[in-house]
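Quick notes on the structure that follows.
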Amino acid sequence: KGIAACKRALSKWPDHTELLDRLATLYVAANETGKAIATLEQIAAKTPEGSASWLRARRRLAYAYSEMGRPGKVLEQCRLIDPHARADATWLNNSAWFYAVTPPAEGGDLGRAVTLAEKAKELDPNNPHIRDTLGWIYHLAGRYNKAKTELEYAAQELPRNPSVAYHL
């Protein structure tokens with residue numbers, strides 16, 4: 001019902017990015033990820049690079065590709081978004097994670113992950129989620145003393161978080 005209503009509205013206003021965004025959300029809810037991705041790609045193509053709508057579409061594409069298990073496509077989105085999100089600690093943290101968990105053969109890069117996670121911490125030094133990500137990336141990179149410091153901070157701030165406990 002909602003999908004049909006959005007499509008009808010888009011037939012009148014085909015460049016209405018908020019309607020396209022809503023349609024993508026409805027496709028995700030209906031488990032139609034391929035259609036959601038196509039719709040998000042439309043938004044990204046219709047909006048200026050770096051604009052709020054473009055960034056939102058690209059981020060949602062990264063998360064959709066992550067859910068689909070397509071790390072190369074995730075990192076493609078990261079490479080597009082990162083230059084426009086230098087002051088967004090949450091995005092930098094997520095991008096760092098994507099680079100850290102992607103195999104090198106598919107574009108993963110622990111050095112880049114460390115750089116992004118450190119920048120995220122610089123922007124939001126008291127965020128335990130960012131400190132957890134940085135700690136785990138340090139661990140993956142073999143920087144165990146630095147990892148311990150970050151993970152202990154995260155565990156102190158998030159004592160009931162099983163992911164943080166696992167990382168520590």
How about K146: which aspartates and glutamates have a C-alpha closer than 18 Å to its C-alpha, ignoring those fewer than 8 places off in the same chain? E118, E122, D124, D132, E157
Angle between the chain longest axis and helix 52-67 axis [Cα atoms, degrees, rounded to 10]: 70 degrees
At q = 0.13, 0.15, 0.17 Å⁻¹, what is the log10 ratio I(q)/I(0) for region 2-68, with the Debye formula run over Cα points and no solvent? -0.31, -0.41, -0.53
With R₀ set to 35 angstrom, the calculated FRET efficiency between the beta-carbons of V101 and K46, to the nearest 0.05, is 0.65
Sketch the reach of a paramagnetic label on E76 as a point 7 Å from Cα along Cα-to-Cβ, and name the residues of region 91-113 whose backbone nitrogen lies under 16 Å away. 106-108
Quickly work out the T25-to-K7 label distance, labels modelled 7 Å from Cα along the C-beta direction, and quote it in nm with one decimal. 2.0 nm
Taking Cα atoms of the chain, Rg/Rh with Kirkwood Rh, to two decimals? 1.05
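Counting only protein heavy atoms and using a 1.4 Å probe, what share of the accessible area of region 43-133 belongs to carbon plus sulfur, as a whole percent? Can you show the working numbers first?
Numbers: 2150 of 4280 Å².
Looking at region 43-133 in its full context, I get 50 percent from C and S.
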Cα-Cα over 30 Å: which of K7/K121; K119/K148; K35/K119; K12/K73; K46/K121; K46/K73? K7/K121; K35/K119; K12/K73; K46/K121
Suppose a student asked you for the relative contact order of region 1-77, using Cα pairs under 8 Å spaced at least 6 residues apart; what percent would you report? 20 percent
Find the all-direction average of the projected area of the Cα convex hull for region 69-164, expressing the result in square nanometres with one decimal place. 5.9 nm²
Mind pulling the angle between the C-alpha long axis of helix 128-140 and the longest principal axis of the chain? Nearest 10 degrees, somewhere in 0 to 90. 70 degrees
DSSP loop trypsin sites (Lys or Arg not before Pro) in region 86-148 with at most 13 other Cβ atoms within 10 Å of their Cβ, which ones? R86
So, over other residues within a Cβ distance under 10 Å of A154, counting Lys, Arg +1 and Asp, Glu -1, the net charge is -3
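Just need the relative contact order of region 1-134 here, percent rounded to a whole number, with Cα pairs under 8 Å and 6+ apart.
It comes to 14 percent, rounded to a whole number.
The values are calculated or read from the model by the stated rules, or taken from the named source; none is laboratory data. Everything numeric in this text was worked out from a predicted model, so none of it was measured. Note: ideal-geometry Cβ built from the backbone for every residue, glycine included; neighbour counts use all protein chains shown. Heads up: the accessible areas ignore ligands, DNA and RNA and are worked out on the full protein's heavy atoms, side chains in. Shrake-Rupley method; radii C 1.70, N 1.55, O 1.52, S 1.80 Å.
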